[in-house]
Amino acid sequence: MRAMKIGFIGLGAMGFPMARHLAKEHDVTVWNRTGEKAERHAREHGTRLAKELADVAGNDVIITMLPTSKEVDEIVHALEGHLKPGTLWIDATSGDPNVSRETAKRLGAKGVEFVDAPVTGAVVGAENATLTIMMGGSAANVEKAKDVLRLNGKTLIHVGEVGAGHAIKVLTNSIMGATVWITSECLLLAKQLGIDMKTALEVTNAGSGRSNASENLLPMRLRDGKWPLVFKLAHHDKDIRIATSLAHQQHASTPMLALTSQLFTAALHELGDQADYIEVAKIVAKMNGVEW
Ligand code: NDP
């Protein structure tokens, strides 16, 4: 595949390593709100530093990796007058499908194609280029996006039309959120019943309660007492709230989703913007008047 000119916007926990992998085959220009991160990226990974946001507009492909669709929308507004027809805009943010459909229409009027391509696999997946990437858009646009994003992920799935990638992303994260919460509750109860954490996890992971939460996410926190920040609770809360809004839109009955959303929002208020999502387990303990 020919090397392309790619503009990458948003060098956060995920975007920074993703842009690094793309630079192995492409001519990548980076922009970040906090300019030092982009300077460091250019220095360390041979990418081109965008002096201003508009420098990103002339590329064949523009990728956004931002907190929410709101920030993506602001960037689209800011670049609208500078974009060239034929550009492909890939939004890797875990966004809102309703907003992404509007964005796609606005960009379409400028001759710019749009694919929503949120990812799963955490920072370690971005670092190792093993992300799973779920895409929404026309078959032709998704094929173009795949050609680029194969440098970031192992599993690339075309989910449906524009917005479908964002929709399945928030649903799958909601499944994870509910699983983390119920697993924490039951492991805490096991502890209160006098079963040690190592044994409780061993049995859970050899049995029917096994999940990514019990196998990978909770052991290091509950057994080893390590609570790293890998995915902001604020981002996870946003994903579950989008899922809840989609349920309302469909007039769907989703009580478990509603409860999960309420619990995560309460946990966010309690733990603050910089907490990791697995710290909701601390709230589970607090609700029981104990600590892990
Ligand atoms: P971070 O908070 O680490 O990074 C956010 C990025 O967005 C930073 O580059 C930040 O710039 C930029 N940004 C924030 N606000 C604005 C703004 N108003 N205008 C322009 N740029 C802005 O987030 P992550 O990288 O963790 O997450 C990015 C997306 O990926 C989210 O949608 C998240 O839900 C999703 N995601 C995250 C995963 C994870 O494990 N972390 C896993 C899968 C998906 P600055 O440096 O200036 O703050």
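The values are calculated or read from the model by the stated rules, or taken from the named source; none is laboratory data. Fair warning: this is a prediction, and the values are worked out from it, not measured in the lab. Counting neighbours? That spans all protein chains shown, and the Cβs are built from the backbone with ideal geometry, glycine included.
Only one of 152, 173, 212, 205 is at pLDDT 95 or above, touching a His at 6+ places or on another chain (Cβ under 9 Å) and closer than 26 Å to residue 259 by Cα; which?
Values: 152 fails: closer than 26 Å to residue 259 by Cα; 212 fails: touching a His at 6+ places or on another chain (Cβ under 9 Å); 205 fails: touching a His at 6+ places or on another chain (Cβ under 9 Å).
Answer to the selection: 173.
Restricted to region 192-214, and to residues that are among the polar types (S, T, N, Q) and in a helix (DSSP H, G or I), which residue is nearest to the chain's Cα centre (by Cα)?
Start the filter on region 192-214 by keeping residues that are among the polar types (S, T, N, Q), which leaves 192, 199, 204-205, 208, 211-212, 214.
In the following step, the residues that additionally are in a helix (DSSP H, G or I) were identified as 192, 199, 204-205, 212, 214.
Values: 192: 34, 199: 32, 204: 27, 205: 26, 212: 16, 214: 21 Å.
This residue is 212.
Which one of 36, 25, 80 is charged (D, E, K, R) and under 30 Å from residue 274 (Cα atoms)? Give the derivation first.
Values: 25 fails: under 30 Å from residue 274 (Cα atoms); 80 fails: under 30 Å from residue 274 (Cα atoms).
That would be 36, the only listed residue that is charged (D, E, K, R) and under 30 Å from residue 274 (Cα atoms).
State which residue is surrounded by the fewest Cβ atoms within 10 Å (Cβ to Cβ) when the search covers only region 91-113 and only residues that are in a helix (DSSP H, G or I) and either within 15 Å of the ligand (Cβ to nearest atom) or under 14 Å from the mean Cα position of the chain (by Cα) (or both). Steps first, please.
So the first thing to find is which residues in region 91-113 are in a helix (DSSP H, G or I), and the list is 97-108.
Then keep just the ones that are either within 15 Å of the ligand (Cβ to nearest atom) or under 14 Å from the mean Cα position of the chain (by Cα) (or both); that gives 97, 99-100, 103.
On the way: 97: 25, 99: 21, 100: 27, 103: 26.
Looking at residues that are in a helix (DSSP H, G or I) and either within 15 Å of the ligand (Cβ to nearest atom) or under 14 Å from the mean Cα position of the chain (by Cα) (or both), I get 99.
Inside region 114-151, can you point out the residues that are touching an Asp or Glu at 6+ places or on another chain (Cβ under 8 Å), away from the ligand (no atom under 16 Å from the Cβ) and either within 15 Å of residue 164 (Cβ to Cβ) or assigned to a strand (DSSP E or B) (or both)?
If the condition is that a residue be touching an Asp or Glu at 6+ places or on another chain (Cβ under 8 Å), away from the ligand (no atom under 16 Å from the Cβ) and either within 15 Å of residue 164 (Cβ to Cβ) or assigned to a strand (DSSP E or B) (or both), then 114, 137, 138, 141 are the ones that fit.
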